[in-house]
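Read through the structure below, which is laid out as structure tokens, and then see the notes.
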Amino acid sequence: MAAGGRVTVEEGVIFGSGGGRTLRCDVYRPPDDVPVLGAVLLVHGGGWFSGDRSQLRGYGILLGREGFVCVAGEYRLTGEATWPAQIHDVKAALRWTRSQAARLGFDPGRVVVWGNSAGGHLALIAAGSANEPALEGDGGNPGVDTSVAAVVSFYGPAHAWD
């Protein structure tokens, strides 16, 4: 894990595949002297057509210092693939995150999905469709549970019904 009280970052870790290409994430691990509280899957914004996992580095380090293992995953943008590729990739990242619980030292029942803007929208969809069977294109870890303990959506599109 981390040495000297610093968050450790593993960049470019393969978590699955989609559309014939490899999908990657960055993993942020708390310092050795900080108890692990759970895991957070971070989903970037960008209107579904821009952005990447690197824009979540600040969140990964901040939450890592507080005791959360963070996984900042990528998803295929709309210029590369049409809907539902984006949610397939987020669900693949969620399954991979849960599958790594023992290796990364967190309780698989304490996983949060967190996103900003378009990522917040995808986080809400992922949380609301937990445990639906993996679909074709949901590359990687098809038998792993996709339920989450919580969802955080920063300025993600949502509608409140009257």
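The values are calculated or read from the model by the stated rules, or taken from the named source; none is laboratory data. As the structure is a prediction and not an experimental result, all values here were calculated from the model. Cβ atoms come from the backbone with ideal geometry, glycine included; neighbour counts cover every protein chain shown. The area values use the complete protein model at the heavy-atom level, side chains included, leaving out ligands, DNA and RNA. Shrake-Rupley method; radii C 1.70, N 1.55, O 1.52, S 1.80 Å.
In terms of solvent-accessible area of protein heavy atoms at a 1.4 angstrom probe, what is the ranking of Ile125, Ile87, highest value first? Don't skip to the answer; put the middle values down first.
Values: Ile125 50, Ile87 20 Å².
I get Ile125, Ile87, largest accessible area first.
Along the charge dipole of the chain, which of Phe154, Val71, Leu124 sits closest to the positive end, that is, farthest toward it, with unit charges on the beta carbon of Lys, Arg, Asp and Glu (+1, +1, -1, -1)?
Val71
Which residue, Gly51, Gly64, Gly115, has the most motion in a Gaussian network model of the chain that connects Cα atoms within less than 10 Å?
Gly51
Determine the shape class of the range 49-100: with a ≥ b ≥ c the square roots of the Cα gyration tensor eigenvalues, call it rounded for a/c under 1.5, and otherwise prolate if a/b is greater than b/c, oblate otherwise.
Numbers: a/c = 4.38, a/b = 1.59, b/c = 2.76.
Taking the square roots of the gyration eigenvalues as a ≥ b ≥ c, the range 49-100 is oblate.
Would you kindly derive the ³J(HN,Hα) couplings of the range 38-54 from the backbone phi angles with the Karplus curve 6.51 cos²θ - 1.76 cosθ + 1.60 (θ = phi - 60°), listing them in order in whole Hz, with x for Gly and Pro?
x, 10, 10, 8, 9, 10, 6, x, x, x, 6, 10, 8, x, 7, 4, 5
With a cut-off of 8 Å between alpha carbons and a minimum separation of six or more residues, what is the relative contact order of the range 1-73 in percent?
35
For the chain, with all protein chains present and a 1.4 Å probe, just round the carbon and sulfur fraction of the accessible area to a whole percent.
Answer for the chain is 54 percent, counting heavy atoms of protein chains only.
In a GNM of the chain with a 10 Å cut-off on Cα contacts, which of Gly73, Gly38, Gly143 has the highest mean-square fluctuation?
Gly143
Put a dot 7 Å past each Cα toward the Cβ at Glu66 and Ile14; how far apart are the dots in nm?
In this crude label model, Ile14 to Glu66 measures out at 3.3 nm.
Can you grab the distance from the C-alpha centre of the range 1-57 to the C-alpha centre of the range 68-84, Å, no decimals?
If we compute the Cα centre of each part, the gap is 12 Å.
Of the beta bridges DSSP finds with both residues in the range 1-141, what % are antiparallel, to the nearest 5?
On the way: 12 of 24 bridges.
The answer is about 50 percent antiparallel.
Got the relative contact order for the chain handy, in percent, Cα pairs under 8 Å and 6 or more residues apart?
24
Please list the helices of the chain that count as membrane-span-like by this rule: a mean Kyte-Doolittle hydropathy of at least -1.0 together with Cα atoms stretching 20 Å or more along the helix axis, each helix being a complete DSSP H run. Present the calculation step by step, with values, prior to reporting the outcome.
Details: long enough: 85-99 (21 Å, -0.51).
Span-like helices, by this rule, are 85-99.
With n ≥ 4 as the cut-off for DSSP H runs, can you work out [θ] at 222 nm for the chain, using -39500 (n - 2.57) per run divided by the number of residues, rounded to the nearest 500?
On the way: 4 runs with 39 residues, N = 162.
Helices in the chain give a 222 nm mean residue ellipticity of -7000 deg cm²/dmol.
Answer with a single label: of [x] -0.25, -0.47, -0.55, -1.52; [y] -0.20, -0.38, -0.46, -1.40; [z] -0.23, -0.43, -0.50, -1.36, which was calculated as log10 I(q)/I(0) by the Debye sum over Cα atoms at q = 0.08, 0.11, 0.12, 0.21 Å⁻¹ from the structure in view?
Computed from these coordinates, log10 I(q)/I(0) by the Debye sum over Cα atoms at q = 0.08, 0.11, 0.12, 0.21 Å⁻¹ corresponds to label [y].
What number comes out for accessible area per residue over the range 1-158 if the probe is 1.4 Å? Units Å², please. Walk me through the numbers on the way to the answer.
Values: 6970 Å² over 158 residues.
Heavy-atom accessible area per residue stands at 44 Å².
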